[in-house]
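These notes concern the structure reproduced below.
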Amino acid sequence: MEKAFNRQKVLLAHLQPTSPSPLLSASICAAGDSAAYHRTAAFGDDIVIVAAYRTAICKARRGGFKDTFPDDLLGFVLKAVVEKTNVNPSEVGDIVVGTVLAPGSERAIECRMAAFYAGFPDTVPLRTVNRQCSSGLQAVADVAASIKAGYYDIGIAAGLECMTVNGIRSVPQVNPRVETFQQARDCLLPMGLTSENVAQRYGVTRQDQDQAAVDSHRKAAAARASGKFKDEIIPVTTKIVDPETGIQKVITISEDDGIRPNSNLAELSRLKPAFKKDGSTTAGNASQVSDGAGAVLLMKRSLAAQKGLPILGVFRSFAAVGVDPAVMGVGPAAAIPAAVQAAGLELNDIDLFEINEAFASQYVYCIKKLELDPEKVNVNGGAIALGHPLGATGIHTDIFCETEFVF
């Protein structure tokens, strides 16, 4: 009882507004059935998410979006955000897009084109941000921080990756100096080999990884079957070209195409290692390369109340923590405790976790390191089942888990 009371005191102090604002009682966001603290008040300067939409996630080079331009993908979700909320596009102070693989200036141009397709006037600025697989999360954090600082009142955080067009490539020209700096050299490691390093260094077995993959597909299939993704996915009408005949047809994509409901250990165990002859990372227990986009609309709670918009989530904290590049996938194990602490909470106060699932090795390690209940993690499946459009992944995380956000 005393512990719960102390948590409440910490959180209420954390929620004190930085400037005078009216006490609001509407749309108080609860963080699941076993909320860490009793919410008796909500303040108008909370940064909240009021809308979140995404495209389906499709397999790169062979999925439903293989012939779709990246700017078209982003355009669909940007348009959905303003149309479904009736927010005037001219009120948006900035659009920040997480994206990874395309050359920076090229992708920024494509994203600005997408904003025009979606009906934004030329007075609305746009920029891209790249923090690798957490680029989407960084976009959300950047927009939230700017609103908190008073730079603007409404912002959109988005994510885009088209791995059909922009694949993962090695650094074209490497400075010889890296040979004298081990960790600098490790920055050049293929991600699949970093997965193998995690498995070897932390004792994650092949069976552990395959089981995690089965669980990811099971959760994602159940979520899709129960309609959990229906309201968040914006149907995209696009073209697809038959690679053999060249015949083009118009299709509408409204479901993720990478989920395998019948995934099982027996089949996964027969797959050969993908990155190392005696390794344990396979095509079955690693994430899929994917195409997809997503966007979320953020503003202060007081403004959302004025506009009559629902509160899907409250942005509480954010943390980015560096780790050894040889085992880059363990980042969540370092960043999650930092973000939770910044929110004045403890790990056991959190009801749901969304963790990067680039490889089952790092996913399994993070859960074990943090001593999390697997049934509270990636409850609707993760990147192994749904796909991993790098720059959009963090945005998709926000959409999948619409509640109290601690990043």
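At a glance:
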{"quantity": "Residue list for the range 147-166, filter: open to solvent by 40 Å² or more (accessible area, probe 1.4 Å) and hydroxyl-bearing (S, T, Y)", "calculated": "Y151"}
{"quantity": "Top-ranked residue in the range 188-208 [being surrounded by 18 or more Cβ atoms within 10 Å (Cβ to Cβ) and among the charged types (D, E, K, R); ranked as farthest from A333 (Cα to Cα)]", "calculated": "R206"}
{"quantity": "Qualifying residue in the range 129-137 (condition: within 30 Å of K79 (Cα to Cα), assigned to a loop (DSSP other than H, G, I, E, B) and in contact with a Pro (Cβ under 8 Å, 6 or more places away or on another chain))", "calculated": "no"}
{"quantity": "Residues satisfying the stated conditions in the range 263-282, i.e. over 23 Å from R201 (Cβ atoms) and in contact (Cβ under 8 Å) with a residue 12 or more places away in the chain", "calculated": "S263, N264, L265, E267"}
{"quantity": "Residues located in the range 110-135, provided they are of a type in the set (G, A, S) and at pLDDT 95 or above", "calculated": "A114, A115, A118, G119, S135"}
{"quantity": "Exclusive hit being of a type outside the set (G, A, S), over 30 Å from G381 (Cα atoms) and open to solvent by 60 Å² or more (accessible area, probe 1.4 Å), set R169, R185", "calculated": "R185"}
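Yes/no matrix, rows are residues, columns are (1) open to solvent by 30 Å² or more (accessible area, probe 1.4 Å); (2) β-branched (V, I, T); (3) more than 28 Å from T55 (Cα to Cα); (4) part of a helix (DSSP H, G or I):
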| residue | (1), (2), (3), (4) |
| --- | --- |
| N262 | yes, no, no, no |
| K276 | yes, no, yes, no |
| D291 | no, no, no, no |
| A295 | no, no, no, no |
| M299 | no, no, no, no |
| V314 | no, yes, no, no |
| A319 | no, no, no, no |
| V327 | no, yes, yes, yes |
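Condition check ((1) crowded, with 17+ Cβ neighbours inside 10 Å; (2) out of contact with any Phe, Trp or Tyr (no Cβ under 7 Å at 6 or more places or on another chain); (3) β-branched (V, I, T)) across all residues:
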| position | (1), (2), (3) |
| --- | --- |
| D231 | no, yes, no |
| D242 | no, yes, no |
| T245 | no, yes, yes |
| V250 | no, yes, yes |
| D257 | yes, yes, no |
| L265 | no, yes, no |
| L268 | yes, yes, no |
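The values are calculated or read from the model by the stated rules, or taken from the named source; none is laboratory data. This one's a predicted model, so the numbers in the text were calculated from it and none came from an experiment. Methodologically, a virtual Cβ is constructed for each residue, glycine included, from the backbone with ideal geometry; neighbour enumeration extends over all protein chains shown. Only protein heavy atoms, including side chains, enter the accessible area calculation; ligands, DNA and RNA are left aside. Shrake-Rupley method; radii C 1.70, N 1.55, O 1.52, S 1.80 Å.
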